[in-house]
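Encoded as structure tokens, the structure appears first; notes follow it.
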Amino acid sequence: MQSKQHFHLRDIILLALIGIIFAVIYFGADFIYNALTVALSPIGYGPAANDITMGIWCMAGTLSGFLLRKPGAGFLGEFLAAAIETFMNGQWGAANFISGFVQGVATELGFTVTGYKIYNWLTVVTTSLFAAVITFGWDWFKNGYSHFAPAMQISLFIIRFISIFIFSGVLVKIIANLLERAHVVRKGY
Amino acid sequence: MNPSIKLLLIIIISLEISFTNHLTANAFIILISVIFLFVHHISKQSFFKLMLVPLIPALALAITIRWFSPSHSWWFATILVSRLYAYCFLGALITVSTTPLELARSLEQNAHLPSQYVYGTLAAVNMVPRTIQEVKIIRVAGQMRGVQLSFWSPRLYFKAVLAAISWSDHLAQAMESQGFVEGQARTYAHPIKVSFRDWGLFFAWIILLQLCLTFFP
């Protein structure tokens, strides 16, 4: 790797390519999202589809953070993924830019609190926690979560945390471990 | 309108309608966006798709707010539906009227984004078809060995990221061997200017939105 702090041309291309890979795979997730929404709406839990799939949307940022290990990588990876997805005709339009921004900041903070030095399971927990809390705060306003019953708000938050922990936590860590074993990333300690 | 200013305007509008609950403003934004979309000759097919895509999540939110939330408010349900449509139409305004290349050039020249961000992202965007192809190949290769790779399979991402790492190396080397230097002053083959008209329009729309948010429900 080149100098620690700055993003070089190669890093930017890599981050954008990761964004594209995830955007390509996200297309599948859009269908899952819609199917879940239709299935859950009659029992009043339609918005839960958003929380169940939230972990999938946040994967690009966490993986970028684990891969490049530089301040800003988590944010850039997630934001570029969202921006590219907008141009690839994603479902969400302009909201993509802002969601990407929010999710990017959220993932980035998870790496910031570890001082960009620790990249192990503790980081998985911190990134998941920050991502869950901050994206939930955003949906509180944007998707009207503030109007739901308290019991529903709590269960939506728990669902969201589990989704983020499984997909952008555990799954991303497994991918990062595979990349470590292939000697394309440094060890986590 | 200048692409960077348009992007900024759309982000500001989207942020503002996220934190305010005004039906008239949302409806106004949708109406204006639809007019602009037709001015830019959006195809009937794309327009139809644009109408259809947010329908399911919008209805789900409306149903939840109307029948399963403590307030049972139709009013708030309509606001959420119109807000989702406003986001989608605003997003479409950018993708219909601006190509990624124009936006990248404008962000470099007008917003002074460092050149490696601009050209790095552009280089990657040109790889979109190859990336789609690569993900397909990885999946088919897996199937040939009797392994089904889905969006939860770490191996699918692992292999795709390995490909991305080698592509980014090659692309960066290719660009640098052609004389691309990070942070060096560049000349522009296609200069993009920001005119007074751009800023005038920007502030006019912002003010119009504030009036709409202040005086209408």
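What the table below lists for this structure:
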{"read-out": "Per-residue ³J(HN,Hα) for the stretch B:91-107, Karplus 6.51 cos²θ - 1.76 cosθ + 1.60, θ = phi - 60°, Hz, x for Gly and Pro", "value": "x, 5, 4, 5, 5, 7, 9, 9, 8, x, 5, 4, 4, 5, 4, 5, 5"}
{"read-out": "Chain A: angle of helix A:59-68 to the longest principal axis, Cα-based, in degrees nearest 10", "value": "10 degrees"}
{"read-out": "With Cα atoms, 0 to 90° folded angle of helix A:9-40 axis to chain A main axis", "value": "20 degrees"}
{"read-out": "Helix B:154-177 vs. chain B, principal-axis angle (Cα, 0 to 90°, nearest 10)", "value": "70 degrees"}
{"read-out": "Number of partner chain Cβ atoms within 10 Å, mean per residue of B:131-139", "value": "3"}
{"read-out": "Value of [θ]222 nm, deg cm²/dmol, for chain A, DSSP H segments ≥ 4, -39500 (n - 2.57) each, nearest 500", "value": "-23500 deg cm²/dmol"}
{"read-out": "CD proxy at 222 nm, helix term only [per DSSP H run n ≥ 4: -39500 (n - 2.57); per residue of chain B; nearest 500]", "value": "-25000 deg cm²/dmol"}
{"read-out": "Among B:Ile65, B:Ile137, B:Ile206, residue whose mean-square fluctuation peaks in a GNM of chain B (springs only between Cα atoms under 10 Å)", "value": "B:Ile137"}
{"read-out": "Estimated vicinal HN-Hα couplings, Hz - the stretch A:109-115 in sequence order (Karplus 6.51, -1.76, 1.60; Gly, Pro = x)", "value": "4, x, 7, 4, 5, 8, x"}
{"read-out": "Estimated vicinal HN-Hα couplings, Hz - the stretch A:123-136 in sequence order (Karplus 6.51, -1.76, 1.60; Gly, Pro = x)", "value": "5, 4, 5, 5, 5, 5, 4, 4, 4, 5, 5, 6, 5, 5"}
{"read-out": "Violating pairs (Cα-Cα greater than 32 angstrom) within the set A:Lys142/B:Lys136; B:Lys159/B:Lys193; A:Lys142/B:Lys44; B:Lys6/B:Lys44; B:Lys6/B:Lys136; A:Lys142/A:Lys173", "value": "A:Lys142/B:Lys136; B:Lys159/B:Lys193; B:Lys6/B:Lys136"}
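Values in this text are rule-based calculations from the coordinates and carry no lab data. The model shown is predicted, which means the values in this text are computed figures rather than measured ones. Backbone-built Cβ (ideal geometry, glycine too); neighbour counts: all protein chains shown.
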